Amino acid sequence: MISLLVDAVLVGAILCLASLGLSLAYAIFRFPNFAHAEFLTVGAYGAFVGFTAAAPVLNEPIQILVGAAVAILAAALIAALSGRIVFQPLAARGGGPALIIAAFATGLLIRNLIVFLFGPTELYVQRELEIAENIGYGVRLTPTEIGILIATAVVIYALHLVMSRTTFGRCLRATAENPDLAAVTAIPVDRIRLGAWLLAGFYCGLSGLALTMLAPIRPETGYEYLLPALAAVILGGLGSIYGTLVGAMLIGLAEAAAVHYGFAEWRQVISFALIILILMIRPNGLMGRAAS
């Protein structure tokens, strides 16, 4: 049982990083950003490029830091450019279905650009073989998995501090609540929205790094995490950052349990069945608020 919970937390941790940017985009622009999958993929390929470039001259811990830096920069840049060039102008004109169509088109454009640059085949970083260590109670984790858990806890707590203790966080929450009123009170709404895209890209970069360290990557890597990430956002409550964290952990628990009990091929079916069950009880998600 303890091993199952640890597996659930590990899956949930990666899913948290993957879904936070999606939740931020919905909170600010009120649309599901389906291009978010490709932001994750850009982060993964950025991590691959940084790690590979640093491998001949630096030791592995520094390689990981270089990979993280390149992943975050690449994902943040593509998220900010997409937001500034595509999504914000459409949102200013009323948004609606045009935003969703534009998100699909942007995602396809980015994915095909990745195929053009890196090819359609799987890529993986060259690393030394890791041995899973016994951390107690029969639980075994590799150093990479332990690092992902620690890093996820740190960056989630950092997000909490940013949202609750900084001027940017307060302005971001005000913009999400009522952008027109925020603009009247001299909040630089456009800059706050750009900051939200950069923050979303930051978490996509970290998620891409985690995916690159755990498994081979390919142009569809981010897309494979889009539905679970969207499920976590819906389950927690659309636009609720803290709800997304809870939703990601519940999805992680459902998927880990499915694998643990021999139903690996049904793990996403079980996750979405959980969503339906909870939404029948709480239509706005676990931490979502009813529309006024």
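Separation of segment 186-219 from segment 1-64 is 8 Å, based on Cα centroids. Looking at the chain, the accessible area is 50 square angstrom per residue; that uses a 1.4 Å probe and ignores ligands, DNA and RNA.
Could you work out the helix-only [θ] at 222 nm for the chain, with each DSSP H run of four or more residues adding -39,500 (n - 2.57) and the total divided by the number of residues, to the nearest 500 deg cm²/dmol?
Taken over the chain, the calculation gives -25000 deg cm²/dmol.
Computed over Cα pairs, the Kirkwood radius of segment 157-205 leads via Stokes-Einstein (0.890 mPa s, 25 °C) to a diffusion coefficient of 223 µm² per second. Between segment 74-139 and segment 228-247, the alpha-carbon centres lie 18 Å apart.
Dipole magnitude for the chain: about 960 debye, using +1 per Lys or Arg Cβ and -1 per Asp or Glu Cβ, origin at the Cα centre.
Surface composition of the chain: carbon plus sulfur atoms contribute 69% of the solvent-accessible area (1.4 Å probe, protein chains only, all chains present). When Rg/Rh (Cα atoms, Kirkwood Rh) is computed from the coordinates, the matching label among (1) 0.97; (2) 1.11; (3) 1.01 is (1).
For the chain, the residue among Phe39, Val49, Gly236 whose Cα projects farthest onto the positive side of the dipole built from Cβ charges is Gly236.
The values are calculated or read from the model by the stated rules, or taken from the named source; none is laboratory data. All figures in this text were calculated on a predicted structure; none of them were measured in a lab. Ideal geometry is used to build each Cβ from the backbone, glycine not excepted, and the neighbour counts take in all protein chains shown. Surface areas here come from the heavy atoms of the whole protein model, side chains and all, with no ligands, DNA or RNA. Shrake-Rupley method; radii C 1.70, N 1.55, O 1.52, S 1.80 Å.
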